[in-house]
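Since every read-out is calculated from the coordinates, none of them should be taken as a lab result. Here the structure is a predicted model, which means the values were calculated and not measured. Positions of Cβ are backbone-derived with ideal geometry, glycine not excepted, and every protein chain shown enters the neighbour counts.
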Amino acid sequence: MLLEVSGLTKHFAGLTAVHDIDQSVESGEILGLIGPNGAGKTTLFNLISGFLPPSKGKIIFKDKDITGMKPAQICRLGIARTFQIVKPLGRMTVLENVMVGAFSRTKDPRKVKEFSMEVLEFTHQLDIMNKKAASLTLGDRKLLEISRALATQPDLLLLDECMAGLNSQEISVAIQLIGKIKEKGITIIVIEHVMKAIMSVSDRIVVLNYGEKIMEGTPEQVVNDQQVIKAYLGADFVECRQS
């Protein structure tokens, strides 16, 4: 098992954002994470990646207890993440942004630049590597966020709504890229509200609601579960699939 969390809980004053989550992730799979806004999805990412300490529970990654470790330590162990709201280093070029991620693995500038260009070639951004990040479209900023995370050479990649705000063509590009990342042997947990995307890329899907896991199964099992329909998908989604 690549990642295993047990009893993971996070309290914010009187609010419980994540409650007693038990979850395992196998090496090489794509795990989808869905649920309504405020369900605790991003909080779970923040706990796994070290941006928040858990109130209770344990996080085991590659048989090592990483509970409470700092983000930089966790990144060096092999967990990278993207963020819902992309904030590239605007005054730096696309290449320089990716190099920031690559420096987490080596301090040799030549190797860093060489590997960063390989990453940009993989994500089809090599042609814009000299553009300032501030000038990019939303779609390119989202891809840059993934490129920068990949530059840290992760074993586990956490993608937080990397398709939010994208048009249908950009979503198709993102879906294809996620498939290519999986082919490289990188395990992925993806938060997404675009159901077409989450259904097509995920091996399994976990559904959160009010900080608790209410369902786990294959994409087909999840979208046909009455509890998930009531809590998140809604009757309109079901009618749309049946029409």
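Every residue in region 202-214 that is under 16 Å from the mean Cα position of the chain (by Cα) and surrounded by fewer than 22 Cβ atoms within 10 Å (Cβ to Cβ), please. Steps first, answer last, please.
Taking region 202-214 first, the residues under 16 Å from the mean Cα position of the chain (by Cα) are 202-208.
Passing the criteria: ASP203, ARG204.
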Qualifying residue in region 173-181 (condition: assigned to a helix (DSSP H, G or I) and within 17 Å of ILE79 (Cα to Cα)): yes
Top-ranked residue in region 8-26 [being in contact (Cβ under 8 Å) with a residue 24 or more places away in the chain and closer than 18 Å to SER49 by Cβ; ranked as surrounded by the fewest Cβ atoms within 10 Å (Cβ to Cβ)]: THR9
Residue match in region 124-136 (condition: in contact (Cβ under 8 Å) with a residue 40 or more places away in the chain, under 12 Å from the mean Cα position of the chain (by Cα) and part of a helix (DSSP H, G or I)): no
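So is ARG81 of a type in the set (Lys, Arg), in contact (Cβ under 8 Å) with a residue 12 or more places away in the chain, closer than 14 Å to LEU156 by Cα and surrounded by fewer than 21 Cβ atoms within 10 Å (Cβ to Cβ) or not? Walk me through how you get there before you give the answer.
Numbers: of a type in the set (Lys, Arg): yes; in contact (Cβ under 8 Å) with a residue 12 or more places away in the chain: yes; closer than 14 Å to LEU156 by Cα: yes; surrounded by fewer than 21 Cβ atoms within 10 Å (Cβ to Cβ): no.
Judged against the criteria, ARG81 is not a match.
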Scan of region 137-160 for residues that are buried (at least 22 other Cβ atoms within 10 Å of the Cβ), in a helix (DSSP H, G or I) and more than 12 Å from the chain's Cα centre (by Cα), ordered by number: LEU143, LEU144, SER147, ARG148
